[in-house]
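Engineer: Please read through the structure below; I'll follow up with questions.
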Amino acid sequence: MNRIILLIPALLLALPAHATLLRYDLQFETFDSEHLISGNGYLLADTRLDAVIGGRLEADELVFSWEMNPSPLQRVDEYYGADVVLGGKGNGVNELTGETGTFDLVFLLWPPATEPYSAQLNNHFPEDIWSTLHLSNGNPDSDYWLHRPVMTHFFISAPIAMDPSGIASPVSVPEPDTLALLGLGLAGLLARRRLGWR
(Lines give C-alpha, C1' and ligand atoms only; values in the text may rest on other atoms or scores of the structure.)
Protein backbone atom coordinates (compact mmCIF):
# COMPACT_ATOMS: atom_id res chain seq x y z
CA MET A 1 0.00 0.00 0.00
CA ASN A 2 2.85 2.38 0.87
CA ARG A 3 4.37 1.76 -2.58
CA ILE A 4 1.10 2.69 -4.26
CA ILE A 5 0.87 5.91 -2.26
CA LEU A 6 4.42 6.86 -3.23
CA LEU A 7 3.89 6.04 -6.92
CA ILE A 8 0.75 8.16 -7.41
CA PRO A 9 2.52 11.57 -7.47
CA ALA A 10 5.15 10.19 -9.86
CA LEU A 11 2.51 8.88 -12.25
CA LEU A 12 0.64 12.17 -12.21
CA LEU A 13 3.83 14.12 -12.84
CA ALA A 14 4.51 11.89 -15.86
CA LEU A 15 1.21 12.78 -17.55
CA PRO A 16 2.35 16.00 -19.29
CA ALA A 17 4.97 14.03 -21.22
CA HIS A 18 2.12 12.48 -23.24
CA ALA A 19 0.28 15.75 -23.89
CA THR A 20 2.55 16.81 -26.77
CA LEU A 21 0.04 17.02 -29.61
CA LEU A 22 -1.15 20.46 -30.71
CA ARG A 23 -3.86 21.21 -33.25
CA TYR A 24 -3.76 24.50 -35.12
CA ASP A 25 -7.07 25.37 -36.75
CA LEU A 26 -6.60 27.50 -39.85
CA GLN A 27 -8.10 29.25 -42.82
CA PHE A 28 -6.22 29.00 -46.10
CA GLU A 29 -6.04 30.26 -49.67
CA THR A 30 -4.58 28.23 -52.51
CA PHE A 31 -4.02 30.17 -55.72
CA ASP A 32 -2.16 30.82 -58.92
CA SER A 33 -2.36 33.82 -61.28
CA GLU A 34 -5.84 32.85 -62.51
CA HIS A 35 -7.48 30.77 -59.77
CA LEU A 36 -8.15 30.95 -56.07
CA ILE A 37 -9.90 28.64 -53.63
CA SER A 38 -10.26 29.14 -49.90
CA GLY A 39 -11.38 26.99 -47.02
CA ASN A 40 -10.61 25.72 -43.53
CA GLY A 41 -8.39 23.04 -42.07
CA TYR A 42 -5.83 22.30 -39.43
CA LEU A 43 -2.21 21.37 -38.76
CA LEU A 44 -1.10 18.78 -36.22
CA ALA A 45 2.21 19.37 -34.46
CA ASP A 46 4.13 17.28 -31.94
CA THR A 47 6.08 19.47 -29.50
CA ARG A 48 8.11 16.54 -28.19
CA LEU A 49 9.46 15.94 -31.71
CA ASP A 50 9.17 19.65 -32.58
CA ALA A 51 7.60 18.62 -35.87
CA VAL A 52 4.47 19.05 -37.95
CA ILE A 53 3.09 15.53 -38.40
CA GLY A 54 0.03 16.09 -40.61
CA GLY A 55 -2.92 18.22 -41.52
CA ARG A 56 -6.04 18.73 -43.58
CA LEU A 57 -7.37 21.36 -45.99
CA GLU A 58 -11.09 21.46 -46.86
CA ALA A 59 -12.65 23.46 -49.70
CA ASP A 60 -15.17 22.95 -52.51
CA GLU A 61 -12.55 21.63 -54.92
CA LEU A 62 -10.44 19.57 -52.54
CA VAL A 63 -10.35 17.79 -49.21
CA PHE A 64 -6.63 17.18 -48.88
CA SER A 65 -5.31 15.19 -45.93
CA TRP A 66 -1.60 14.58 -45.52
CA GLU A 67 0.94 13.02 -43.21
CA MET A 68 4.57 14.00 -42.75
CA ASN A 69 7.68 12.21 -41.60
CA PRO A 70 8.17 13.71 -38.13
CA SER A 71 11.47 15.50 -38.75
CA PRO A 72 12.22 18.48 -36.51
CA LEU A 73 11.36 21.95 -37.77
CA GLN A 74 14.50 23.81 -38.85
CA ARG A 75 15.40 27.47 -39.03
CA VAL A 76 16.98 27.81 -42.48
CA ASP A 77 17.17 31.55 -43.04
CA GLU A 78 16.18 35.04 -41.94
CA TYR A 79 13.81 37.26 -43.92
CA TYR A 80 13.39 40.92 -42.94
CA GLY A 81 13.81 40.03 -39.27
CA ALA A 82 11.57 36.94 -39.28
CA ASP A 83 12.78 33.36 -38.94
CA VAL A 84 12.32 31.17 -42.01
CA VAL A 85 11.41 27.75 -40.60
CA LEU A 86 11.24 24.67 -42.82
CA GLY A 87 8.32 22.39 -41.98
CA GLY A 88 9.08 19.55 -44.39
CA LYS A 89 7.08 17.81 -47.12
CA GLY A 90 3.89 15.84 -46.58
CA ASN A 91 2.27 13.22 -48.81
CA GLY A 92 -1.49 12.97 -49.05
CA VAL A 93 -4.61 12.57 -51.13
CA ASN A 94 -7.53 14.67 -52.33
CA GLU A 95 -10.40 12.70 -50.86
CA LEU A 96 -12.85 14.14 -53.42
CA THR A 97 -10.97 12.84 -56.47
CA GLY A 98 -8.45 10.29 -55.21
CA GLU A 99 -5.58 12.37 -56.59
CA THR A 100 -2.35 12.10 -54.68
CA GLY A 101 -0.09 15.00 -54.01
CA THR A 102 2.51 16.66 -51.85
CA PHE A 103 2.52 19.63 -49.54
CA ASP A 104 5.63 21.67 -48.73
CA LEU A 105 5.49 23.73 -45.54
CA VAL A 106 7.58 26.83 -44.87
CA PHE A 107 6.79 29.34 -42.10
CA LEU A 108 7.99 32.87 -41.47
CA LEU A 109 7.84 33.25 -37.70
CA TRP A 110 7.73 36.68 -36.11
CA PRO A 111 8.94 37.63 -33.62
CA PRO A 112 12.03 35.45 -34.18
CA ALA A 113 11.29 32.13 -32.55
CA THR A 114 13.06 29.84 -30.14
CA GLU A 115 12.62 26.08 -30.06
CA PRO A 116 10.24 24.35 -29.97
CA TYR A 117 9.03 26.02 -33.16
CA SER A 118 6.01 23.69 -33.25
CA ALA A 119 4.44 25.56 -30.30
CA GLN A 120 4.62 28.93 -32.11
CA LEU A 121 3.27 28.33 -35.62
CA ASN A 122 0.51 30.90 -35.10
CA ASN A 123 3.24 33.60 -34.86
CA HIS A 124 3.62 33.88 -38.60
CA PHE A 125 3.22 36.18 -41.60
CA PRO A 126 0.31 34.69 -43.60
CA GLU A 127 1.03 36.75 -46.71
CA ASP A 128 4.63 35.53 -46.82
CA ILE A 129 4.31 31.80 -46.25
CA TRP A 130 5.78 29.94 -49.20
CA SER A 131 3.93 26.69 -48.71
CA THR A 132 3.15 24.80 -51.88
CA LEU A 133 0.37 22.33 -52.69
CA HIS A 134 0.99 20.02 -55.65
CA LEU A 135 -1.71 17.49 -56.62
CA SER A 136 0.35 15.97 -59.40
CA ASN A 137 -1.27 12.52 -59.23
CA GLY A 138 1.75 11.25 -61.19
CA ASN A 139 0.65 13.18 -64.28
CA PRO A 140 3.01 16.15 -64.77
CA ASP A 141 1.56 16.91 -68.25
CA SER A 142 -1.93 17.75 -66.95
CA ASP A 143 -3.23 21.28 -67.62
CA TYR A 144 -5.50 21.32 -64.56
CA TRP A 145 -4.30 24.17 -62.34
CA LEU A 146 -4.21 22.12 -59.13
CA HIS A 147 -1.93 19.60 -60.85
CA ARG A 148 0.77 22.26 -60.88
CA PRO A 149 2.54 23.53 -57.75
CA VAL A 150 0.41 26.35 -56.31
CA MET A 151 0.97 28.77 -53.46
CA THR A 152 -0.92 28.31 -50.19
CA HIS A 153 -1.28 30.96 -47.49
CA PHE A 154 -2.33 30.19 -43.91
CA PHE A 155 -4.15 32.17 -41.26
CA ILE A 156 -3.43 30.04 -38.20
CA SER A 157 -5.23 30.19 -34.85
CA ALA A 158 -3.63 29.63 -31.45
CA PRO A 159 -2.91 25.94 -30.73
CA ILE A 160 -5.23 23.59 -28.84
CA ALA A 161 -3.75 20.76 -26.79
CA MET A 162 -5.02 17.34 -27.89
CA ASP A 163 -5.27 13.98 -26.18
CA PRO A 164 -2.56 11.41 -26.99
CA SER A 165 -4.78 9.49 -29.46
CA GLY A 166 -4.99 12.52 -31.74
CA ILE A 167 -8.80 12.57 -31.62
CA ALA A 168 -10.12 16.08 -32.17
CA SER A 169 -11.26 16.54 -28.59
CA PRO A 170 -9.26 19.36 -27.00
CA VAL A 171 -8.01 18.83 -23.48
CA SER A 172 -6.43 21.25 -21.05
CA VAL A 173 -2.86 20.57 -20.00
CA PRO A 174 -2.33 21.23 -16.26
CA GLU A 175 0.89 22.81 -15.16
CA PRO A 176 3.39 20.35 -13.58
CA ASP A 177 3.15 22.15 -10.19
CA THR A 178 -0.63 21.66 -10.23
CA LEU A 179 -0.24 17.96 -10.95
CA ALA A 180 2.28 17.62 -8.13
CA LEU A 181 -0.15 19.19 -5.66
CA LEU A 182 -2.95 16.93 -6.88
CA GLY A 183 -0.75 13.89 -6.47
CA LEU A 184 0.34 14.83 -2.97
CA GLY A 185 -3.25 15.57 -1.96
CA LEU A 186 -4.45 12.21 -3.26
CA ALA A 187 -1.60 10.42 -1.50
CA GLY A 188 -2.52 12.19 1.74
CA LEU A 189 -6.15 11.14 1.45
CA LEU A 190 -5.15 7.52 0.92
CA ALA A 191 -2.79 7.61 3.91
CA ARG A 192 -5.49 9.18 6.04
CA ARG A 193 -7.98 6.46 5.09
CA ARG A 194 -5.40 3.72 5.74
CA LEU A 195 -4.66 5.06 9.24
CA GLY A 196 -8.34 5.45 10.02
CA TRP A 197 -8.23 9.23 10.53
CA ARG A 198 -11.45 11.21 10.28
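The values are calculated or read from the model by the stated rules, or taken from the named source; none is laboratory data. For clarity, every value in this text was computed on a predicted model and none was experimentally measured. Ideal geometry is used to build each Cβ from the backbone, glycine not excepted, and the neighbour counts take in all protein chains shown.
Engineer: Against the conditions (1) assigned to a loop (DSSP other than H, G, I, E, B); (2) modelled with pLDDT of 85 or more; (3) small (G, A, S), where does S172 fall short? Just the number, please.
Structural biologist: (2)
Engineer: So which residues in segment 62-83 are over 13 Å from L109 (Cβ atoms), at pLDDT 90 or above and either aromatic (F, W, Y) or not in a strand (DSSP E or B) (or both)?
Structural biologist: Within segment 62-83, L62, F64, W66, P72 meet the criteria.
Engineer: Let me ask something additional. Here is a list: L121, L146, L108. Which entry is buried (at least 16 other Cβ atoms within 10 Å of the Cβ) and in a strand (DSSP E or B)?
Structural biologist: Unique residue meeting the criteria: L108.
Engineer: Would you mind telling me which numbered condition in (1) acidic (D, E); (2) at pLDDT 90 or above; (3) touching a helix residue (DSSP H, G or I) at 6+ places or on another chain (Cβ under 9 Å) E95 fails?
Structural biologist: (3)
Engineer: Answer yes if at least one residue in segment 45-64 is within 17 Å of the chain's Cα centre (by Cα), aromatic (F, W, Y), more than 19 Å from H124 (Cβ to Cβ) and crowded, with 16+ Cβ neighbours inside 10 Å, and no otherwise.
Structural biologist: Scanning segment 45-64, I find at least one residue that is within 17 Å of the chain's Cα centre (by Cα), aromatic (F, W, Y), more than 19 Å from H124 (Cβ to Cβ) and crowded, with 16+ Cβ neighbours inside 10 Å, so the answer is yes.
Engineer: Check whether at least one residue in segment 12-26 is at pLDDT 95 or above and closer than 21 Å to W145 by Cβ, and report yes or no.
Structural biologist: No, because not a single residue in segment 12-26 is at pLDDT 95 or above and closer than 21 Å to W145 by Cβ.
Engineer: Of everything in segment 149-162, what is within 19 Å of Q120 (Cβ to Cβ) and either more than 13 Å from the chain's Cα centre (by Cα) or part of a strand (DSSP E or B) (or both)? Give them in sequence order.
Structural biologist: Selection gives H153, F154, F155, I156, I160, A161.
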